[in-house]
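Student: Have a look at the structure that comes next, please.
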Amino acid sequence: MSSLPVRKENAYLAEVIVKKNKYDLFLFIEDEKLNIMYEIIIKKLFGTNLNVGKIFPMKNKPNVLQIFEEWKKIEEKTKNKIVFIVDKDFDHLIGEEVPHHTNLVELEFYTIENYLISKEGAVTLMKHRLHTYDPEELDEILNWEWWTSYTYEKFAELFISYAIAFKYDLGANCSISPYVYLNRETYGIKENKIEEYINNIKKLYSQKYQKEYSEEYEEVKEIFKNQNDLSYEQLISGKYLLESLITYISSITVNTIVDKDLIKTMLLNEYPNDNFQFLKYRITQIINQ
């Protein structure tokens, strides 16, 4: 059962109504720790042309959807002032689709953290760690193509099994810490731990259903394909990719302790704006209503 927001929905909406003439946009999001990320994204997309009043963190997706439903009763008062943003995650696997509405935006990727992962961001982080700006040296040390290929492929196997576990209620999945599978000392993914998890899900699935696990695996895998290629950003949680990237860069540079929020800010500032065009389009739709 999801924990409800501390304040009643009408209190949040009343605040928006009171302040709507002072600001251009109010956001309702899931994670209470990611307000700054959304502030940066809006500034990246709109510069100083959009004055954000407040970002309301609702703690989880059901709470965002709940306040969205409450807002629809009075949407005419603020329809060009509010955007509700939710992660994509795995809900669509169990038939839970996000309602189609201009003011309700489902991210294209698994979570907002997926938008922190880019070569540009990794290079900038390395510059701070290595104190060098030689692009060829950085590129050689980073070996971005190897990291993405290795990390994405290994975690894809795990997350397809996570998706099956989620779909059929076979136990813990995406809530498991990524560090169960990451070697903190020298970068590497603990393939034995992934295999252990997958084998357990295979066993549970076989006990519950009269169907080959391999068939289900291929069916779920097909859902996450985009023009025959696996869409890793829709399949794999950005939390896993972020922790993997930080661990990897720490292993190939100076392993200094840096505030993780500062790392997120640095990575987000370097993330290509082109990949946010869908969000810019949706927000522009809202404010122009």
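Student: Return the residues of region 149-172 that are at negative phi and without any contact (Cβ under 8 Å) to a residue 12 or more places away in the chain; say none if nothing qualifies.
Tutor: So in region 149-172, the residues at negative phi come out as 149-168, 170, 172.
Correct list: Ser149, Glu153, Ala172.
Student: From the list Glu243, Glu195, Glu185, pick out the single residue that is assigned by TED's automatic domain parsing to the domain that holds Phe155 and farther than 29 Å from Met266 by Cβ.
Tutor: Values: Glu243 fails: farther than 29 Å from Met266 by Cβ; Glu185 fails: farther than 29 Å from Met266 by Cβ.
One residue alone meets the criteria, Glu195.
Student: Among helices (runs of 4 or more DSSP H) lying entirely in region 121-236, which contain 2 or more residues that are more than 26 Å from Phe90 (Cα to Cα), within 22 Å of the chain's Cα centre (by Cα) and at pLDDT 95 or above?
Tutor: On the way: elements: 135-142, 144-167, 191-208, 213-223, 232-235.
It comes to 144-167.
Student: Here is a follow-up. Out of all the residues in region 56-75, which are over 19 Å from the mean Cα position of the chain (by Cα) and within 13 Å of Val16 (Cβ to Cβ)? Steps first, answer last, please.
Tutor: Our first condition is that a residue be over 19 Å from the mean Cα position of the chain (by Cα); within region 56-75, this holds for 66-75.
If the condition is that a residue be over 19 Å from the mean Cα position of the chain (by Cα) and within 13 Å of Val16 (Cβ to Cβ), then Ile67, Phe68, Glu70, Trp71, Ile74, Glu75 are the ones that fit.
Student: How many residues does region 184-201 hold that are in contact (Cβ under 8 Å) with a residue 40 or more places away in the chain and not aromatic (Phe, Trp, Tyr)?
Tutor: To start, the set of residues in region 184-201 that are in contact (Cβ under 8 Å) with a residue 40 or more places away in the chain comprises 184-187, 189, 194, 198, 201.
Filter once more, so that each one left must be not aromatic (Phe, Trp, Tyr): 184-186, 189, 194, 198, 201.
Adding up the residues that qualify gives 7.
Student: Out of curiosity, is Ser231 polar (S, T, N, Q), in contact with a Ser or Thr (Cβ under 8 Å, 6 or more places away or on another chain) and outside the structural domain of Asn80 (by TED's automatic domain parsing)?
Tutor: Values: polar (S, T, N, Q): yes; in contact with a Ser or Thr (Cβ under 8 Å, 6 or more places away or on another chain): no; outside the structural domain of Asn80 (by TED's automatic domain parsing): yes.
No; evaluated as a whole, the condition is false for this residue.
Student: Okay, moving on. Could we say that Leu125 is touching a Ser or Thr at 6+ places or on another chain (Cβ under 6 Å), in contact (Cβ under 8 Å) with a residue 60 or more places away in the chain, surrounded by 14 or more Cβ atoms within 10 Å (Cβ to Cβ) and not charged (D, E, K, R) here? Spell out the reasoning first.
Tutor: Values: touching a Ser or Thr at 6+ places or on another chain (Cβ under 6 Å): no; in contact (Cβ under 8 Å) with a residue 60 or more places away in the chain: yes; surrounded by 14 or more Cβ atoms within 10 Å (Cβ to Cβ): yes; not charged (D, E, K, R): yes.
Answer is no for this residue.
Student: Next up: For Trp71, only one of the following conditions fails: (1) modelled with pLDDT of 95 or more; (2) more than 20 Å from Phe278 (Cα to Cα); (3) touching a Phe, Trp or Tyr at 6+ places or on another chain (Cβ under 7 Å). What is its number?
Tutor: It fails just one condition, (3).
Student: Just to check your reading of the model, which residue among Lys88, Lys77 is buried (at least 17 other Cβ atoms within 10 Å of the Cβ), touching a residue at least 12 places away in the same chain (Cβ under 8 Å) and out of contact with any Gly (no Cβ under 7 Å at 6 or more places or on another chain)? Lay out the reasoning, then the answer.
Tutor: Values: Lys77 fails: buried (at least 17 other Cβ atoms within 10 Å of the Cβ).
Answer to the check: Lys88.
The values are calculated or read from the model by the stated rules, or taken from the named source; none is laboratory data. No experiment lies behind these values; they were computed from the predicted model shown. Note that we place each Cβ from the backbone using ideal geometry, even for glycine, and neighbour counts take in every protein chain shown.
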